[in-house]
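The values are calculated or read from the model by the stated rules, or taken from the named source; none is laboratory data. The shown structure was predicted, so the numbers you read here are calculated from the model rather than taken from an experiment. All Cβ positions, glycine included, derive from the backbone under ideal geometry; neighbour counts span all protein chains shown. Heads up: the accessible areas ignore ligands, DNA and RNA and are worked out on the full protein's heavy atoms, side chains in. Shrake-Rupley method; radii C 1.70, N 1.55, O 1.52, S 1.80 Å.
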Amino acid sequence: MDQFDNTLQTFIENAGWLAPILFVLLHVLRPLLFLPVIVVCIAGGVLFGFFKGAILSFIGLTLMSWVSYLLVMKFPRFRARVTRLKDKMFKDNSITIGQVMILRIMPFVHFHLLSLYLIEMSKTFKQYMIFSMVGVIMPAIFYTAFGEVITELPWYISILLFMILATIFWYVGKRNKLNIAAE
């Protein structure tokens, strides 16, 4: 990861005014390069600072959401692969928009899988994009600001943070089921 950061930093420094555009495109190309979201957002914080890095990551992740929508809607084979992944990971459980937003913060959850959930929950493309934009705000901010700190934490603190997020995910799901049962 250090080598990636150094190479990216040299490239961005030499890119001049194109650097922000190239960084946003890196977010869009990220899945093809097998780079985790957290790595790219950390790089944005290092290269552009917190504020500009978070904004550029938000733009890049929003564009990636748009690309996800196109992939799912235009390529049935891609949709079938993501649907199989959804069935394997969550079986018959339905999750809420709030749970998708929490899962967006977890770095190991597949981006396109969560996009598929949002597509299925949305009535229109516009509604999907609003959900997606709201859903990428926290990862852009969280990873840009705290990503480097999180990756340097001891393993037991990282597990504790994961358990806190998993508990929040479970609680939101349980609360949603209670609200549905009450209606």
Residue 71: net charge of surrounding residues, Cβ under 11 Å, Lys/Arg +1, Asp/Glu -1, itself excluded? +4
Net charge (Lys, Arg +1; Asp, Glu -1) of residues whose beta-carbon lies under 15 Å from that of residue 131, residue 131 excluded, is +2
Under 30 Å between C-alpha atoms is the cut-off here; go through the chain and count lysine pairs that meet it, provided they're at least eight residues apart or on different chains. 22
Any idea of the accessible area per residue across the chain, 1.4 Å probe, to the nearest Å²? 60
Mind telling me which of 47, 153, 29 comes out most flexible in a GNM of the chain, alpha-carbon contacts under 10 Å? 153
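Can you list the chymotrypsin sites (Phe, Trp or Tyr not before Pro) in the range 93-136 that are in a DSSP coil and have 16 or fewer other beta carbons within 10 angstrom?
Working: sites: 108, 111, 117, 125, 128, 131; in loops: 108.
Of the chymotrypsin sites (Phe, Trp or Tyr not before Pro), the ones in loops of the range 93-136 whose Cβ has at most 16 other Cβ atoms within 10 Å are 108.
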Using just the alpha carbons, could you tell me how many Å³ per residue the convex hull of the chain encloses? 129
Computing the accessible area with a 1.4 Å probe over protein heavy atoms, can you report the carbon and sulfur percentage for the range 15-167? 73
3J(HN,Hα) from dihedral phi, the range 124-138, Karplus parametrisation 6.51/-1.76/1.60, rounded to Hz, x for glycine, proline: 9, 4, 4, 5, 4, 5, 5, 4, 5, 5, 5, x, 9, 4, 5
Given DSSP loops and a limit of at most 11 other Cβ atoms within 10 Å, what is the longest stretch of the chain that contains no such trypsin sites (Lys or Arg not before Pro)? 1-90
Cβ charges +1 (Lys, Arg) and -1 (Asp, Glu), total dipole of the chain, debye: 920
Quick check: residue separation of residue 163 and residue 28 times 0.36 nm, minus the Cα distance between them. What number comes out in nm? 45.7 nm
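With a cut-off of 8 Å between alpha carbons and a minimum separation of six or more residues, what is the relative contact order of the chain in percent?
25
So for 120, 13, what's the accessible-area order with a 1.4 Å probe, most first?
Solvent-accessible surface, decreasing: 13, 120.
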